[in-house]
Amino acid sequence: MNKLTRDIAQKLIDDHNLSVDEYTLLLSSNSDDLRTLLAKEAVSVRNSIYGNSIYIRGLIEFSNYCKNDCYYCGIRRSNKNVERYRLDIDEILSCCATGYGSGFRTFVLQSGEDPYYDDTKMIEIVAAIRNKYPDCAITLSLGERSKDSYQKLFDAGADRYLLREETADREHYSHLHPKEMSYDNRMTCLNNLKDIGYQVGCGFMVGSPFQKPDNIAKDLYFIQESRPQMVGIGPYITQKDTPFANEENGTLEDTLLCISILRLINPKLLIPATTSLGTIHPLGRELGIKAGANVVMPNLSPVGVRKQYQLYDNKICTGDEAAECINCMKYRMSSIGYEVVCNRGDYPA
Ligand code: SF4
């Protein structure tokens, strides 16, 4: 690591903020030394807030229908090789019951952008979970909706919303999405969610097609300035039925560096060690925690539908029952000195 890189790394450690150019330089200088330095500092600031606790979220992928056609995504509407499914309210509640029994206190309801789940249906689902599990957090990840819709779901009992920006660079956004999708609308949605009072999660893929270090730098700067409570990042992984099937995957090393930088931008951030990290490396999630992440999200979806929610190829954890998943995760975390805790795992005040 040269002196300039070391000085910028130290500035991030001391001040928790950098310029876009400084982030670009750090990302362009990724090395074992730099990752080791930033991971050590990231773990230290995280542990000062969270100790050795790892929060756990139960992911329920309740529909793989999507009206959008993002070029990188395996469940895009043009992919005719996907067997589509939707879970009804009883099936979703059954996933929650299984999860609650296993100690989950946050449910993450995720789907493609599926107009079938209009406000009436979603309000019914959210209100039923809120009524049955008043001690649990409800996180939604349903894509772009109107502000009015977000408000209604918040009023029905949802607490948190995940909406990855995927890239905070307008031009890069246009390379990843068809013309009918709008960068401005994505940003408007994120602002609306924040205004309403959700705990908001954004995020991006590391190593997505056409991405350069300064694109990621803009994401990091965007996160630094907009102060979301959660940031989900993972390596880009190809999916064989997409226009990007022959592109290269993102790397473990770049993703780990970004996790450490995110932790240093905001020591309180909730950062998952994602399934995609576990897909590109057998110990990817453990390495994510060691780089500064503090959340894991085992799958509570019925085993029968999991293989159909293939955003990318070779996704792991599609065959195990929920109880096996949580036990596996507890074991994995304890093997590196961390403890999975069964509470809502809110963003600290
Ligand atoms: S990334 Fe999301 S919005 Fe885009 S096609 Fe996939 S599920 Fe739909």
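The values are calculated or read from the model by the stated rules, or taken from the named source; none is laboratory data. Only a predicted model underlies this, so the values are computations on that prediction, with no experimental measurement involved. Here the Cβ is made from the backbone with ideal geometry for all residues, glycine too, and neighbour counts use every protein chain on show. When the accessible area is computed, the model is the full protein with side chains, heavy atoms only, and any ligands, DNA or RNA have been set aside. Shrake-Rupley method; radii C 1.70, N 1.55, O 1.52, S 1.80 Å.
Just a yes or no: is a residue in segment 213-224 farther than 20 Å from Leu38 by Cβ, open to solvent by less than 10 Å² (accessible area, probe 1.4 Å) and not acidic (Asp, Glu)? Within segment 213-224, not a single residue is farther than 20 Å from Leu38 by Cβ, open to solvent by less than 10 Å² (accessible area, probe 1.4 Å) and not acidic (Asp, Glu).
Being more than 16 Å from the ligand (Cβ to nearest atom), of a type in the set (A, V, I, L, M, F, W, C) and either open to solvent by 50 Å² or more (accessible area, probe 1.4 Å) or at pLDDT below 95 (or both) holds for only one residue in Ala323, Ala291, and it is Ala323. Note on segment 103-121: residues that are within 23 Å of the chain's Cα centre (by Cα) and either surrounded by 19 or more Cβ atoms within 10 Å (Cβ to Cβ) or within 16 Å of the ligand (Cβ to nearest atom) (or both) amount to 13. Within segment 1-18, residues that are within 15 Å of Asp33 (Cβ to Cβ) reach partners that are modelled with pLDDT under 95 with beta carbons closer than 9 Å, at six or more positions or on different chains, in the pairs Ala9/Met1. Across segment 81-91, which residue is most open to solvent (accessible area, probe 1.4 Å) among those that are in a loop (DSSP other than H, G, I, E, B), within 16 Å of the ligand (Cβ to nearest atom) and charged (D, E, K, R)? This residue is Glu83.
For residues that are part of a helix (DSSP H, G or I) and open to solvent by less than 20 Å² (accessible area, probe 1.4 Å), scanning just segment 174-195, find the one that is nearest to Cys73 (Cα to Cα). Full working, then the answer.
Pass one, segment 174-195, residues part of a helix (DSSP H, G or I): 174-176, 183-195.
Going one step further and asking which of them are open to solvent by less than 20 Å² (accessible area, probe 1.4 Å), we end up with 176, 186, 189-190, 193.
Values: Leu176: 10, Arg186: 17, Cys189: 20, Leu190: 20, Leu193: 24 Å.
In this case the residue turns out to be Leu176.
If you check Ser149, Ser94 for being within 16 Å of the ligand (Cβ to nearest atom), outside any loop (DSSP other than H, G, I, E, B) and over 21 Å from the mean Cα position of the chain (by Cα), only one passes: Ser149.
Counting residues in segment 296-303 that are within 30 Å of Leu18 (Cβ to Cβ), open to solvent by 30 Å² or more (accessible area, probe 1.4 Å) and modelled with pLDDT under 95 gives one or more. Out of curiosity, is Ile237 touching a Ser or Thr at 6+ places or on another chain (Cβ under 6 Å), hydrophobic (A, V, I, L, M, F, W, C) and touching a residue at least 24 places away in the same chain (Cβ under 8 Å)? The answer is yes for Ile237. In segment 122-137 there is no residue matching the filter, namely being within 16 Å of the ligand (Cβ to nearest atom), open to solvent by less than 20 Å² (accessible area, probe 1.4 Å) and either farther than 30 Å from Gln239 by Cα or in a loop (DSSP other than H, G, I, E, B) (or both). Taking the numbered list (1) closer than 29 Å to Glu321 by Cα; (2) within 13 Å of the ligand (Cβ to nearest atom) in turn, Glu165 passes all entries but (1). Can Tyr221 be described as under 20 Å from Gly143 (Cβ atoms) and among the aromatic types (Phe, Trp, Tyr)? The answer is no for Tyr221. Within segment 67-80, can you find the residues that are open to solvent by 30 Å² or more (accessible area, probe 1.4 Å) and either under 20 Å from Arg145 (Cβ atoms) or at pLDDT below 95 (or both)? Scanning segment 67-80 gives Lys67, Arg77.
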